[in-house]
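Let me begin by presenting the structure, written as structure tokens, before commenting on it.
The values are calculated or read from the model by the stated rules, or taken from the named source; none is laboratory data. Everything quoted here is computed from the prediction, not taken from an experiment. Glycine also receives a Cβ, built like all others from the backbone with ideal geometry; neighbour counts cover every protein chain displayed. Heads up: the accessible areas ignore ligands, DNA and RNA and are worked out on the full protein's heavy atoms, side chains in. Shrake-Rupley method; radii C 1.70, N 1.55, O 1.52, S 1.80 Å.
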Amino acid sequence: KIPLFIIGKPGCSKSLSAQLIFKSMNGKDSSKEFFKYFPKVYTKSYQGSLSSNSKGILKIFQRARKSLEGENLQNEIISSIYFDEMGLAEISKNNPLKVIHSQLEYDENKEKISFIGISNWPLDASKMNRGIHLSITDSDIEDLKFTALEIAKSYDLKLVQNYKEYFEHL
């Protein structure tokens with residue numbers, strides 16, 4: 001439940017990384033044996049924008065906490081917020097991220113929830129210091145070639161055999 005901030009340029013699979021977590025973490029219903037030993041993750045998504053406001057952000061935190069209410073589900077589920085485009089919300093004239101500080105503090109919140117924030121650029125340090133900051137670096141040419149070939153291979157091995165040079169130049 002430590003907040004996570006994933007920072008990187010568009011197209012570097014920030015959102016994919018988070019979606020893989022959410023898809024895998026299904027508790028006892030997980031397809032992989034390893035994940036069956038962990039709680040299920042319930043995700044509430046928030047799309048940051050230039051028109052974001054504090055009320056909207058507080059509302060998503062309230063909804064995430066509300067999903068923990070009920071039949072003592074806190075051992076069976078983890079309520080999580082997926083905040084996409086935090087960078088856009090940060091530069092909003094409404095200054096909506098001012099409420100993030102109190103929501104991510106562990107001392108003040110008895111009902112802690114998981115938080116993943118995604119941004120194309122680094123946020124203010126006072127926000128990112130409240131969690132783990134993961135920066136996705138730029139891919140070099142070898143990474144890009146490898147990725148192209150692996151994607152082609154996932155469709156059909158013959159694609160790589162017949163068109164390897166084309167994929168590498170692409």
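Carbon and sulfur atoms: what percent of the 1.4 Å accessible area of the chain do they account for?
After summing per-atom areas, the C and S share lands at 53 percent.
In nm, to one decimal, how far is the modelled label at LYS164 from the one at THR147, with both set 7 Å along Cα→Cβ?
2.2 nm
Given the range 86-170, what count of lysine pairs have C-alpha atoms under 21 Å apart, with each pair 8 or more places apart or on different chains?
Step by step, the pairs that qualify in the range 86-170 add up to 10.
Tilt of helix 157-169 relative to the longest C-alpha principal axis of the chain, in degrees (0 to 90, nearest 10)?
80 degrees
Once you list every other residue whose beta carbon is under 15 Å from the beta carbon of GLU168, what net charge do they have if Lys and Arg are +1 and Asp and Glu are -1?
In short, -2.
At 7 Å along the Cα-to-beta-carbon direction for both GLU76 and LYS32, put a label point, then send me their distance in nm to one decimal.
Each label point lies 7 Å from its Cα, and together they span 2.4 nm.
At 1.4 Å probe radius, can you tell me the per residue accessible area of the range 29-95 in Å²? It would help to have the intermediate numbers written out before the result.
Numbers: 4170 Å² over 67 residues.
Solvent-accessible surface per residue comes out at 62 Å².
Out of the DSSP beta bridges found with both residues in the chain, what percent are antiparallel (nearest 5)? Intermediate values should be presented prior to the final figure.
Numbers: 1 of 21 bridges.
The antiparallel fraction comes to roughly 5 percent.
Counting only Cα, what are the radius of gyration and maximum Cα-Cα distance Dmax of the chain, in Å?
Rg, Dmax (Cα atoms, Å): 19.1, 59.
Starting from the 7 Å offset along Cα-to-Cβ, what nm value, one decimal, do you get for the label separation of SER24 and LYS93?
4.3 nm
Would you please give the residues with an amide H less than 5 Å from that of GLY117, counting only those at least 5 places away or on a separate chain, with H modeled from the backbone geometry?
LEU4, PHE5, ILE6, PHE83
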